[in-house]
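Everything below concerns the one structure shown next.
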Amino acid sequence: MLAYLLNLATLMCINAVLAITLNFIMGYAGIFSIAHAIFFGVGAYSAAWVAMNASANIFLVIPVAMVVAGALSLVLALPALRVRGEYFVAASLGLQVLGVTVFSEWKSVTGGLGGMIGIPPAEIFGHAVADPAQFLLLALCCLVPVLLATGVLLRSSFGRNLKAIRDSETAAYAFGKNVALIKTMSVVISAMLAAVAGALYAFYMGFINVESFMLDTSVLLMAMVIIGGTGTLLGPIVGTVLLMLLPGVFSYMSFLPQTEIGSIQQIAYGLAMVLLMIFRPGGIVGSGKPRAAKEKAA
Amino acid sequence: MTKLSKAFKLGVIACALAASAAASTASYAADVTIGALFPLSGPNASYGDIFGSGANLAAEHINADNLLGGKLSIQYEDSQALPQQGVIGMNKLVNVQKVPYVLSAFTGVSKAISTIATRTRTVAVNGGGVGPDLAELGQYFWNIIPLANYEVRAIIPYLVNERKMKNFVLVYVDDPLGQAIRKELEGALPPAGGKLVEALSVPATAQQFGGIAARVRAANPDVIYVASYGSQQSQIVKQFRDNGIKQPFASYTAFSIPEINAQPEAAGSMYTSQNIDWNSQDPVTKRFVDDYKKKYNKMPTAYIANYYNAVRMFGLLAQQLIKKGQPVTGENLLKQRVETKTFDLVGGKVSFAENGTVTMPMQINEIDGKGGKVLSTSAK
């Protein structure tokens, strides 16, 4: 039982990093990206490649993954500077499709659809982190700094600039804010931190293929953020824990037919999302009222 | 006095409850649970139902025969055909349910769980994926389905020598499965007297094949080998026919799904599968076919037989271990499989290669719109 819980907790940490980083651009900068799984994937593939071809030392692997993802995130930042709202969602969808195609077809680096197997365990000062409890500790050691870093950034003038752009890009521009630079930086920071989750995932699974970085993953991450509460620090973590615990909880309900649990779970997810959006649009941690209503009241 | 009598009564009830709990534990002492990691939700959920129907029937037969002296149950976990969900499910099966044996499906899931299988010494058995890379996932990962390279080797002599089809065009998904089939065709066709005139790759998610059809028509082959899976292969068949391609199709076990067998455009297609004579009088096969038809009112397919066989093989191995007084663990199951030379499964006697992949005779089937017919059988 302990190993199962450790496994769940580790994957929760990894997904929480992703949800926090997505919330950073979605909840604070108003950049609704459905290509977040691509940066997760870029981090995972970069980490796997370095670990298999050079060294599995996390002090080398994680920075490399972050740099690669950060550089590639400029591809996403470019449309973010030009379009907003639903137009950006469409642009990020294009990037998601493009990314999946590259992951599937660039066989010499990603292993194609067959993926990369035999990724060695992460190493810290020559010690292989293969034990599940040790890996959970490593995942926590990545989650906490990511949470702290985003928290500090959001409390700084940079965070206030992000919120200003989210609420009114034109007003922020009129106040002399460098909107293009702030948007680009937010996307780069988000992608770099998402790559940390990618590197952890590659080490933990020992195998990666494109199936982990598809549109479904991006949508799931978005659901984690929305359910937990967009624009809140703890919301993404709450959303992640909830969405990752629910399948396990359902599978323990012995009165449900085993082979139908998956379908029941999907129905429950759908219903929960609809009810949440009606009665608590700000998410579990967020405000009970939609932002528009709050603005009107103010 | 009243208090004393109440305490006495409570004591008696507690003892009775404890005794009944102990008795119930004793009566189920030999109960065994195995795991199954199938997609039960999402776009591949139908495969979970198909695979599960074979596995459940085998468990029913094992229980009816009292093969294990206790009840065999299958604990299902939803993999959604995704690696991460597969790993979560595998962890639960191994660490919470403590199962010694897990049925697996889909290459991504199988590869992702193979590390846990090796580390925890739990046997994982694949009955659906046929990519040759599945043979390299360690000694605790078994394949109870012949892999694609065996299937290609079986169909080439039949097509070239008996059907006089010399020129082949291959349409394949560019993944380890498709690449292995291409390699096999390139290597095996020339010595057999055939020629691979064109090999056309398609992305796994592609659903439009008009352009590919034009190239196939230009190549004018005698036969088109399709190395794809899922709904894509139905689309290839339909769109090729819509584009005026008349040549027959050839493929591997993936063509054994009901959707293809019922597709009018697929009539005349030939595909390999492990040799199972559905009309065989062999008691294991006959019982499987009869009971499956009775229960589901349709003929079983090779995939269903594979998962039936996977569970039946567990029953046979566990029975031998119980007879020896050894615990049913993954480690002992592996030892017992190596010790046991052949198994009586659906389709006849089968054996395993050292890498944990089954070796069995193959057959070539033709889709005739009436449930299919066997054209030829080949040696293993």
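At-a-glance table
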read-out: Separation in nanometres of the label points that stand 7 Å from Cα toward Cβ, at B:S73 and A:H127; value: 4.1
read-out: C-alpha center-to-center spacing [the range A:246-281, the range B:97-112] in angstrom; value: 24
read-out: Shape call, chain A: gyration tensor on alpha carbons, a/c limit 1.5; value: oblate
read-out: Of the chymotrypsin sites (Phe, Trp or Tyr not before Pro) in the range A:152-214, those whose Cβ has at most 15 other Cβ within 10 Å and which sit in DSSP loop; value: A:F175
read-out: Stretchable slack from B:D31 to B:K335, in nm (0.36 nm times residue separation minus alpha-carbon distance); value: 107.3 nm
read-out: Computed helical MRE - 222 nm, chain B, DSSP H runs ≥ 4 contributing -39500 (n - 2.57), nearest 500; value: -14500 deg cm²/dmol
read-out: Lys/Arg +1, Asp/Glu -1 at C-beta; the protein assembly as shown dipole; positive extreme among A:I20, A:N161, B:A218; value: A:N161
read-out: The range B:271-321-the range A:152-191 distance, computed between alpha-carbon centres (Å); value: 63
read-out: With every protein chain in place, the range B:311-380: carbon and sulfur % of accessible area (1.4 Å); value: 50
read-out: Per-residue mean of C-beta atoms belonging to partner chains within 10 Å, peptide A:7-15; value: 2
read-out: Candidates A:A195, A:A122, A:A44, ranked by Gaussian network fluctuation over chain A, Cα under 10 Å, top entry; value: A:A122
read-out: Cβ charges +1 (Lys, Arg) and -1 (Asp, Glu), total dipole of the protein assembly as shown, debye; value: 1140
read-out: Low-density loop positions, trypsin sites (Lys or Arg not before Pro), the range B:64-173 - DSSP coil, at most 11 other Cβ in 10 Å; value: B:K164
read-out: Label-point separation, B:Q326 to A:R84 (7 Å along Cα→Cβ), nm; value: 7.0
read-out: Distance (nanometres) between label positions extended 7 Å along Cα→Cβ at B:D242 and A:A54; value: 4.8
read-out: DSSP bridge orientation in the protein assembly as shown - percent antiparallel, rounded to nearest 5; value: 35
read-out: Structure-based [θ]222 nm, chain A - -39500 (n - 2.57) summed over DSSP H runs of at least 4, per residue, nearest 500; value: -24500 deg cm²/dmol
read-out: Largest-first ordering by accessible area, 1.4 Å probe, given options A:V61, A:V109; value: A:V109, A:V61
read-out: Choice from B:S231, B:S53, B:S104 showing the highest fluctuation, given a GNM over chain B with Cα pairs closer than 10 Å; value: B:S231
read-out: Shape call, chain B: gyration tensor on alpha carbons, a/c limit 1.5; value: prolate
read-out: Average accessible area per residue (Å²) across the range B:128-269 - probe 1.4 Å, nucleic acids and ligands excluded; value: 37
read-out: Prolate/oblate/rounded label for the range B:146-277 (Cα gyration tensor, a/c 1.5); value: rounded
read-out: Degrees, to the nearest 10: B:176-192 long Cα axis against longest axis of chain B; value: 50
read-out: Stokes-Einstein diffusion coefficient of the protein assembly as shown, Kirkwood radius over Cα pairs, 20 °C, 1.002 mPa s, in µm²/s; value: 79
read-out: Residue-level accessible surface for A:I267, protein heavy atoms, 1.4 Å, Å²; value: 110
read-out: Protein-only accessible surface order, largest first, of A:H127, B:H61 at 1.4 Å; value: A:H127, B:H61
read-out: Angle in degrees between helix B:302-324 and the longest Cα principal axis of chain B, rounded to the nearest 10; value: 40
read-out: Where the Cα pairs of the range A:222-290 fall when distances are cut into 5 Å bins, in %; value: 4, 19, 24, 21, 15, 11, 5, 2
read-out: When the convex hull of its Cα atoms is projected in every direction, mean area for the range B:154-213 (nm²); value: 4.3
read-out: Rounded to the nearest 10 Å², the accessible area of B:L375 at probe 1.4 Å; value: 50
read-out: Between 0 and 90°, nearest 10: helix B:107-120 axis offset from chain B longest Cα axis; value: 40
read-out: Shielding by partners - mean other protein chain Cβ count within 10 Å, residues of B:166-173; value: 0
read-out: Candidates B:A55, B:A266, B:A30, ranked by Gaussian network fluctuation over chain B, Cα under 10 Å, top entry; value: B:A30
read-out: Span-rule helices in chain A, defined as complete DSSP H runs reaching 24 Å or more along the axis (Cα) with Kyte mean at least 0.0; value: A:2-26, A:36-53, A:58-82, A:85-105, A:132-155, A:179-205, A:235-251, A:261-279
read-out: B:V338 accessible area, 1.4 Å probe, all protein chains in place, Å² to nearest 10; value: 90
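The values are calculated or read from the model by the stated rules, or taken from the named source; none is laboratory data. Not measured: the values here are computed from a predicted model. Neighbour counts are summed over all protein chains in view; Cβ atoms, including those assigned to glycine, are modelled from backbone coordinates with ideal geometry. Calculation scope for accessible area: heavy atoms of the full protein, side chains included, ligands and nucleic acids excluded. Shrake-Rupley method; radii C 1.70, N 1.55, O 1.52, S 1.80 Å.
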